[in-house]
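The structure appears below as structure tokens.
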Protein chains: 2
Amino acid sequence: MKQPTICPKFEKAISLLSQRWTALVIYQLLSGSQRFTEIQSAIGISGKVLSDRLKDLEHQGVVKRDVIPETPVIIEYSLTKKGYSLEPILREIESWSQLWVTPETELS
Amino acid sequence: MKQPTICPKFEKAISLLSQRWTALVIYQLLSGSQRFTEIQSAIGISGKVLSDRLKDLEHQGVVKRDVIPETPVIIEYSLTKKGYSLEPILREIESWSQLWVTPETELS
DNA sequence: TATACTTACTTACATAAAGTAACTATCTAT
DNA sequence: ATAGATAGTTACTTTATGTAAGTAAGTATA
């Protein structure tokens, strides 16, 4: 055990972002509040997993769920302040991808 | 279901980084080239998954595997230029985690 | 020589996570 | 009455990950 242990806060952040679909859901919500099926069709996630992720992100304070009392009722998901604070990370990934993701690696 | 509207390069980058352990392995290698067991003990990953990840990252051109012909042979893993180019992303995650990961969310 | 230890893995098996499709319940439009 | 949308849930299958043990080459100790 000679190696320094990785910072638990960093590890927690990584475990959030490296859960499948999570970063994509947050990225999608960066463009504004959206409904369940909008997110679903935009990123191609299954209803089951999206449901899980949104619940999880809501618990973590990243996403907010609003029930808008129209007829029929509209349920809107949006980012909290904490959620928007992740934007610089997503933008870094975005610009990295434009520079470094080549057609060949896209096929792998 | 409709076609996903997200940029394929971005999606590819996300699928790389949101694979479990990948970001942590890259982060670990930011501090310099390391051997298999060093990475393993530093981040607490199983040999099987580390083996998978390193092969995958090598294939993606992110990690380089060097065999150093000493006795016994030493196998060193390091980041390529492409690998180091991910540093800003990891640093963003690092600073985000310091600001936003609270003790409560650590327990979830 | 025999035994143990290290490194860099692989293999077999068990469990957890994700994908798929169908289903529910409420409301709206035709 | 029938069909379609919305926001999910449920049951089942497939894939990914975790755990533990094993392998093969080499070193060190007794």
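The values are calculated or read from the model by the stated rules, or taken from the named source; none is laboratory data. Keep in mind the model is a prediction, meaning the values are calculated, not measured. Quick reminder, even Gly has a Cβ in these numbers, built from the backbone with ideal geometry, and neighbours come from all protein chains shown. Side chains are part of the model used for accessible areas, which takes the heavy atoms of the whole protein and leaves out ligands, DNA and RNA. Shrake-Rupley method; radii C 1.70, N 1.55, O 1.52, S 1.80 Å.
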Reported to the nearest 10 Å², B:S95 has, with a 1.4 Å probe, an accessible area equal to 60 Å²
Using the crude model of +1 on Lys and Arg Cβ and -1 on Asp and Glu Cβ, and no other charge, please compute the dipole size for the protein assembly as shown relative to its Cα centre, in debye to 20. 180 debye
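In the neighborhood of B:E94, defined by Cβ-to-Cβ distances under 11 Å, what is the net charge if each Lys or Arg adds +1 and each Asp or Glu adds -1? Walk me through the intermediate numbers first.
Details: positive: A:K9, B:R91; negative: A:E11, B:E87, B:E92.
Surrounding charge for B:E94 is -1.
With runs of 4+ DSSP H residues as the only contributors, calculate the mean residue ellipticity of the protein assembly as shown at 222 nm using -39,500 (n - 2.57) per run, divided by the residue total and rounded to the nearest 500.
-16000 deg cm²/dmol
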Give me the base-10 log of I(q)/I(0) for segment A:9-107 at each q in 0.24 Å⁻¹, Debye formula, one uniform scatterer per Cα, rounded to two decimals. -1.37
When Cβ neighbours within 10 Å are restricted to other protein chains, what is their mean count per residue of peptide B:41-49? 2
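Residues of B:87-94, mean number of Cβ from any other protein chain within 10 Å of their own Cβ, rounded to a whole number? Don't skip to the end; give the middle numbers.
On the way: counts 2, 6, 10, 4, 2, 9, 11, 6.
The per-residue average across the peptide is 6.
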Net charge contributed by nearby residues that have their C-beta within less than 11 Å of A:T22 (K/R +1, D/E -1): 0
Taking beta carbons within 10 Å but only from partner chains, what does the mean come to for residues B:16-25? 5
Putting +1 on Lys and Arg Cβ atoms and -1 on Asp and Glu Cβ atoms, find which of A:I74, A:G32, A:C7 reaches farthest to the positive end of the dipole of chain A. A:C7
Percent carbon-and-sulfur accessible area, segment A:9-107, ignoring ligands, DNA and RNA, probe 1.4 Å: 53 percent
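Could you tell me the total accessible area buried at the A-B interface, probe 1.4 Å, in square angstrom to the nearest hundred?
In total, chains A and B hide about 4300 Å² from solvent.
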Regression test value, accessible area per residue of chain A, probe 1.4 Å, units Å², expected 53 Å²
What number, in nm² with one decimal, is the all-direction average of the projected area of the convex hull of the alpha-carbon atoms of the protein assembly as shown? 13.7 nm²
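Just want to confirm a number: the relative contact order over chain B, from Cα pairs under 8 angstrom separated by 6+ residues, in percent. Each step should come with its number before you reach the end.
On the way: 78 pairs, mean separation 25.5, N = 108.
Result for chain B is 24 percent.
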